[in-house]
Every structure is written in structure tokens, then in C-alpha cells.
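Q: Right, I'll just put the structure down here and ask away after.
The values are calculated or read from the model by the stated rules, or taken from the named source; none is laboratory data. As the structure is a prediction and not an experimental result, all values here were calculated from the model. Virtual Cβ from ideal backbone geometry, glycine too; neighbours counted across all protein chains shown. In case anyone asks, the SASA skips ligands and DNA or RNA and just uses the protein heavy atoms, side chains included. Shrake-Rupley method; radii C 1.70, N 1.55, O 1.52, S 1.80 Å.
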Amino acid sequence: MAAVSDGSGKLPLVVLISGRGSNLQAILDGARDGSLPITIRAVISNRPGVQGLDRARQAAVPALTLDHKVYSTRQDFETALRSTIDELSPALVILAGFMRVLSPEFVMHYAGRMLNIHPSLLPKYRGLHTHERALGGGEREHGASVHFVTPELDSGPVIVQACVPVLPDDDPDSLAARVLEQEHKIYPLAIRWFAEGRIVLREQQVWFDGHLLSEPKRWPGCH
Ligand code: GRF
């Protein structure tokens, strides 16, 4: 059963993007083929003209732009973003390559109902350039994490991780492509769990099927 549904049994959500939108595409595909019990109320980009907005339009999902550059302060931008989101009454807000740091006030407004995907095995490599840094760090394994969003950047409780090997001739692009393929699997998976009411954030911890998740779910292949 859905955690909070719109009466159709489908979880209403809003997706925030800044660019390419390949994770968005995986979510749109899941909504279309019925594997994800969700209704995407809108896709919102803080950058105009990005590929993700086209993907939304192609799927007949409202594609909105809120260009952060037209607001004089971060707070003004966030006020506009928050009211745009809240008018859509989503039960879940998905950050899918959304490249603006959000204030603690904004994040706390969506506590327990905002997810992000990050291209590293958190808590390793928070922040940017994760693939370069994993290569520089001599990692043999790398991956991606889906987590609840909390005020500290890339530090919220992790729900699920996918792992990939780092190969001897990898460069950041080849490694990023291998990780991205897994992102497109674990993000829809985590969203489905949330929509089915299987994952809940309680006191800064993830509960899965009524049990405290002591460590993230791991995609097969993690060591
Ligand atoms: C992904 O690598 C995601 O993990 C990170 O930003 C990238 C977005 O890619 N947060 P896309 O826009 O979903 O293609």
C-alpha cells in the first residue's frame, strides 16, 4: 500500500533537476510501464533549456523552470521553489541531479520526504567530482547511494547503494558511465519502496519493513 497516495493508489511526487535528466528518465519509464506506483506532478529545473525538461515534456509531465539566477537571494529562490512544490502537494520530492545546495530550513520542510542520489558509496566522497576522487583514491570499488536529504550536504541516512568495480584502465567518464547504469536501477527501487510504505525516516534513521536499517541495502556485487 502506498505511504501517501493521491486516491489512485499512486504516490504523487515532484522531481527537481538541473540538467541531463537520465535518472529522471528512469523514473519516468517506471511510471509509464507501471513498475513504479507514482504520479509525477511536475519536473522543476533551476536551469532553463536542459535536456531533462524535454524528457518530461515527451512523457507529458509538466516541465517547469525556476531559474535561480533571476532571484536576487538564495532565500527568494527557495521561497519560490517551495511554494511551487507545495502547490503540487507531493508526498515525495526527488532530487535527480539538482545542483543547488538547499538551506537547512528548506530541507527540514521536506524532512522524511525528500530523496537524493549521489554518485559515490557514501559516506565516501561527498560533494563534487566523485569519480575523479575515487580514481585518485585508488578505490577498487565505487558506486552510488540513495539517501534521505538532511541539512548537511550528502550526509543523510542511506537507503540503498549500488557498487561497481573500478577497472585498471578507467577514466572518470568510463567510471561515471558504469555507476550511472546502476543509479538508474537503485533510484527507482528506493522510490518504489517509499511508495509502498516500506521505508520511513524516523529520528534520522531509516526503517525498512518496520525494522531499523543498521546499514544500507546493498545491490548485489558490493563487497
Ligand atoms: C548523477 O550522477 C547523480 O548521481 C548526480 O547527478 C547526476 C545526474 O545525472 N546527483 P542525470 O541528470 O540524472 O543524468
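Q: Inspect the range 128-142 for any residue being surrounded by 18 or more Cβ atoms within 10 Å (Cβ to Cβ) and within 30 Å of Ala91 (Cβ to Cβ) and give the result as yes or no.
A: Scanning the range 128-142, I find at least one residue that is surrounded by 18 or more Cβ atoms within 10 Å (Cβ to Cβ) and within 30 Å of Ala91 (Cβ to Cβ), so the answer is yes.
Q: Would you confirm, using the coordinates I've provided, whether Ser45 is at pLDDT below 95 and among the small types (Gly, Ala, Ser)?
A: Working: at pLDDT below 95: no; among the small types (Gly, Ala, Ser): yes.
No: the conditions fail for Ser45.
Q: Those residues that are among the charged types (D, E, K, R) and out of contact with any Lys or Arg (no Cβ under 7 Å at 6 or more places or on another chain), I need them from the range 136-165; list them, please. First the steps, then the outcome.
A: Initial filter on the range 136-165 (among the charged types (D, E, K, R)): 139-141, 152, 154.
Matches in the range 136-165: Glu139, Arg140, Glu141, Glu152.
Q: Please indicate, with yes or no, whether at least one residue in the range 93-104 is under 19 Å from Ser214 (Cα atoms), away from the ligand (no atom under 11 Å from the Cβ) and modelled with pLDDT of 95 or more. Steps first, please.
A: Taking the range 93-104 as the starting set, the residues that turn out to be under 19 Å from Ser214 (Cα atoms) are none.
No, the range 93-104 contains no residue that is under 19 Å from Ser214 (Cα atoms), away from the ligand (no atom under 11 Å from the Cβ) and modelled with pLDDT of 95 or more.
Q: Are there any pairs, at least 6 apart or on different chains, whose C-beta atoms fall under 6 Å, with the first in the range 64-78 and in contact (Cβ under 8 Å) with a residue 12 or more places away in the chain and the second of a type in the set (Phe, Trp, Tyr) and assigned to a loop (DSSP other than H, G, I, E, B), and if so, which?
A: If the second residue must be of a type in the set (Phe, Trp, Tyr) and assigned to a loop (DSSP other than H, G, I, E, B), the pairs left are Phe77/Tyr71.
Q: Given the conditions (1) more than 15 Å from Phe148 (Cα to Cα); (2) at pLDDT 95 or above; (3) open to solvent by 70 Å² or more (accessible area, probe 1.4 Å); (4) under 17 Å from the mean Cα position of the chain (by Cα), and given that Leu180 satisfies all but one, which numbered condition is not satisfied?
A: If we test Leu180 against (1) more than 15 Å from Phe148 (Cα to Cα); (2) at pLDDT 95 or above; (3) open to solvent by 70 Å² or more (accessible area, probe 1.4 Å); (4) under 17 Å from the mean Cα position of the chain (by Cα), just (3) comes out false.
Q: Just checking: which of the helices (runs of 4 or more DSSP H) contained wholly in the range 2-117 hold 3 or more residues that are open to solvent by less than 20 Å² (accessible area, probe 1.4 Å) and under 22 Å from Gln161 (Cα atoms)? First the steps, then the outcome.
A: Details: elements: 22-33, 51-58, 74-87, 104-109.
Hits in the range 2-117: 22-33.
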